[in-house]
């Protein structure tokens, strides 16, 4: 791929607008309508550039100026550990220099082969707590189901639903009942063939997780993400229970 030198580093922000406002999750308040993604672009002395997501500060990234690409990246190890803060821009830069898709290079680092072209499933992750202004659980579930139906009509076949309302925003029992009702309503709205996932943002504990999974078993959830904070003992318990 040659060995050009990094001569310029630019930091910026990509702003996007969601189809509608995103509400709360188990931990945080309203996410709003606008999405802002921090980006870094690296330019080499042969005119090739790579960009990608990075929250790196100017001070953190300045030592990269003047570095040769093979000092910070190789196809054997990927991005050097010292520069993980700009991992995505470096992968993009290396892919352009080698004229290879990044996923092919990443697979090579892992010692794996991948089919080309690669197809990556995606899902609608816009189903936040947009229902907190409603006192009635049935109405709340219908609202989120309508949002899922709108995503289905845009072409989505998989959906991730935020759960954990009882961790902060609603009384515990009321929040649990609403989480369960929402998942059931979404399953009904998008049909049996769609994939449904949930994300509690660590808003449950072990027993709440078991209850939620038991009461939504008929919905055939594909995964539950971050039901509670990482704890090896508790997650082993959950794994055994799920068997």
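The values are calculated or read from the model by the stated rules, or taken from the named source; none is laboratory data. Values in this document were obtained by computation on a predicted structure and should not be read as measured data. Note that we place each Cβ from the backbone using ideal geometry, even for glycine, and neighbour counts take in every protein chain shown.
What is the residue count in the stretch 194-223 for residues that are within 18 Å of residue 24 (Cα to Cα) and not in a loop (DSSP other than H, G, I, E, B)?
Going through the stretch 194-223, the residues within 18 Å of residue 24 (Cα to Cα) turn out to be 197-204.
Filter once more, so that each one left must be not in a loop (DSSP other than H, G, I, E, B): 197-199.
Residues that pass the stated criteria total 3.
Annotation for the stretch 154-162: no member residue is at pLDDT 95 or above and farther than 15 Å from residue 124 by Cβ.
Would you kindly identify the helices (runs of 4 or more DSSP H) lying entirely within the stretch 56-145 that contain at least 3 residues that are touching a residue at least 12 places away in the same chain (Cβ under 8 Å) and either touching a helix residue (DSSP H, G or I) at 6+ places or on another chain (Cβ under 9 Å) or crowded, with 19+ Cβ neighbours inside 10 Å (or both)? Steps first, answer last, please.
Values: elements: 58-61, 69-72, 87-98, 102-109.
By residue number, 87-98, 102-109.
Please find, within the stretch 1-21, the residue that is nearest to the chain's Cα centre (by Cα) out of those that are modelled with pLDDT of 95 or more and more than 30 Å from residue 156 (Cβ to Cβ). Checked the stretch 1-21; the qualifying residue nearest to the chain's Cα centre (by Cα) is 11. The residue that is farthest from residue 162 (Cα to Cα), counting only those in the stretch 11-38 that are in contact (Cβ under 8 Å) with a residue 40 or more places away in the chain and not in a loop (DSSP other than H, G, I, E, B), is 11.
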